[in-house]
Amino acid sequence: MRKRVNMHSLCANMHAMEPLWDDLHTVLCLVRRGSLAGAAAELGVNYTTVARRISRVEASLNVALFDRLRDGYQPTEAGQSVAAHAAKMEQDANALIRQLQGQDDSLSGPLTITAPQLLIAHGLAPVIDSFCATYPEVQLHVRATNDLLDLNKREADLAIRISREPGDTLTGLRLAEQRSASFADATWAARIASNPETLIDWVVYAAYKDVPRNVDPAYPNHRIRMTFDDMVAIRGAALAGLGVARMPMFLGQASGLVQVPVLPPQPYADIWVVGHPDVWPSAKVKAFRDILVPHFRKTKGRFLH
């Protein structure tokens, strides 16, 4: 039997180290970002706090760590040295806490998961509801973002990702294969059905320079009407009747859009659940997976058809 690790006690015992670590971490963030505002954003504090911490650590060490320039803070040789040691401390601390998290067999306390916003709304909501009802002593924090959070740095304990490459250094399970197709509102769907040669307006990702490949040649006329850098905006544009959009099957159907035959169903990035190998065995992470995986296996058809 694994020895129970009390993460609350561990965190409490580390509080005494916080002032020193806060100062060193601030030096590291300022070296990374190059400005008070950038470091403040990474640390979640205001820029005056960053400046105060830098002055405090410089006074404590009796050495200048940064040259104050008009265009930002330039680290001195001493500043670079302090930042390098702080980076090693950060890496070692994260590794230690990850290992202890992996040994934690409690079903209480914090658990952070991350997933794309639209997948939370149209795929994960029942899982989250069931987990919270089953484990009321777990404080679940959901980070809704399309960004790939750094699990090495413990930005999340578990990530649900839509990706072809979920991360070579992570432990993971494929939850569902996916396909995408073309979707539009009812007005556009009727227009396309009545006249295949109508000029079809596309709403696409900003990175794309042309309409999706493999469009059906029976619908020959296309143009990109507008571009967005976010699927929430693309879905909103399609719902507003601004054009045809390519999106995953589950999203088009859940949004109340009509699948139009302009683009036949295409392979799309799969849905994965991934975690750091150190954290993967923890009781809370396993408990969430034990609800998550069966739910996706039960509903996997909606991601393909």
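When the range 231-263 is filtered for residues that are out of contact with any helix residue (DSSP H, G or I) (no Cβ under 9 Å at 6 or more places or on another chain) and in contact (Cβ under 8 Å) with a residue 40 or more places away in the chain, the ones remaining, listed by number, are Leu239, Ala240, Leu263.
Give the residues of the range 38-54 that are part of a helix (DSSP H, G or I) and exposed (fewer than 13 other Cβ atoms within 10 Å of the Cβ), sorted by residue number. Before the answer, list the steps.
Residues of the range 38-54 part of a helix (DSSP H, G or I): 38-43, 47-54.
Correct list: Thr48 only.
Looking at the range 132-144, which of the residues that are surrounded by 14 or more Cβ atoms within 10 Å (Cβ to Cβ) and either outside the structural domain of Asp290 (by TED's automatic domain parsing) or not aliphatic (A, V, I, L, M) (or both) is farthest from Arg235 (Cα to Cα)? That would be Tyr135.
Considering only residues that are in contact with a Gly (Cβ under 6 Å, 6 or more places away or on another chain) and not small (Gly, Ala, Ser), which ones fall in the range 54-92? Working first, answer last.
Of all residues in the range 54-92, those in contact with a Gly (Cβ under 6 Å, 6 or more places away or on another chain) come to 65-66, 72.
Those that are in contact with a Gly (Cβ under 6 Å, 6 or more places away or on another chain) and not small (Gly, Ala, Ser): Leu65, Phe66.
Apart from one condition, Tyr205 fits all of (1) out of contact with any Gly (no Cβ under 6 Å at 6 or more places or on another chain); (2) at pLDDT below 95; (3) open to solvent by less than 60 Å² (accessible area, probe 1.4 Å); the exception is (3).
Can you pull out the residues in the range 166-190 that are under 21 Å from Leu251 (Cα atoms) and without any contact (Cβ under 8 Å) to a residue 24 or more places away in the chain? Spell out the reasoning first.
Initial filter on the range 166-190 (under 21 Å from Leu251 (Cα atoms)): 166, 174-190.
Residue satisfying the conditions is Ala190 alone.
Would you call Pro264 closer than 29 Å to Val293 by Cα and surrounded by fewer than 22 Cβ atoms within 10 Å (Cβ to Cβ)?
Details: closer than 29 Å to Val293 by Cα: yes; surrounded by fewer than 22 Cβ atoms within 10 Å (Cβ to Cβ): yes.
In short, yes.
The number of residues in the range 267-283 being under 16 Å from Ser163 (Cα atoms) and either surrounded by fewer than 16 Cβ atoms within 10 Å (Cβ to Cβ) or of a type in the set (A, V, I, L, M, F, W, C) (or both) comes to 6.
Close contacts from the range 80-104, counting a first residue that is at pLDDT 85 or above and a second that is part of a helix (DSSP H, G or I) and open to solvent by 80 Å² or more (accessible area, probe 1.4 Å), with Cβ to Cβ under 8 Å and a gap of 6+ residues or different chains, come to Val82/Leu61; Ala83/Arg32. Based on what the data block shows, is Ile224 β-branched (Val, Ile, Thr), open to solvent by 30 Å² or more (accessible area, probe 1.4 Å) and either under 21 Å from Pro166 (Cβ atoms) or touching a residue at least 12 places away in the same chain (Cβ under 8 Å) (or both)? Yes; evaluated as a whole, the condition is true for this residue.
Residues that are in contact with an Asp or Glu (Cβ under 7 Å, 6 or more places away or on another chain) and surrounded by 15 or more Cβ atoms within 10 Å (Cβ to Cβ) occur in the range 113-131; there is at least one. Taking the conditions (1) under 19 Å from His276 (Cα atoms); (2) modelled with pLDDT under 95; (3) not charged (D, E, K, R) in turn, Tyr73 satisfies each one other than (1).
Which residue pairs have Cβ atoms under 7 Å apart, sit 6 or more places apart or on different chains, and have a first residue in the range 191-208 that is on the phi > 0 side of the Ramachandran plot and a second that is open to solvent by less than 80 Å² (accessible area, probe 1.4 Å)? Matching pairs, first to second residue: none at all.
What are the residues in the range 242-261 that are more than 27 Å from the chain's Cα centre (by Cα) and open to solvent by 20 Å² or more (accessible area, probe 1.4 Å), if any? First the steps, then the outcome.
Step one: list which residues in the range 242-261 are more than 27 Å from the chain's Cα centre (by Cα), which gives 242-243, 258-261.
Residues satisfying the conditions are Leu242, Val258, Gln259, Pro261.
Condition (residue is open to solvent by less than 70 Å² (accessible area, probe 1.4 Å), over 25 Å from Leu292 (Cβ atoms) and part of a loop (DSSP other than H, G, I, E, B)) applied to the range 169-179: is it met by at least one residue? No, that holds for no residue. If only residues of the range 56-75 that are among the polar types (S, T, N, Q) and farther than 12 Å from Leu30 by Cβ are counted, the one that is farthest from the chain's Cα centre (by Cα) is Asn62.
The values are calculated or read from the model by the stated rules, or taken from the named source; none is laboratory data. Predicted model, so just to flag it, every value in this text is computed and none were measured. Cβ atoms come from the backbone with ideal geometry, glycine included; neighbour counts cover every protein chain shown. Just the protein is used for accessible areas: all its heavy atoms, side chains included, with ligands, DNA and RNA removed. Shrake-Rupley method; radii C 1.70, N 1.55, O 1.52, S 1.80 Å.
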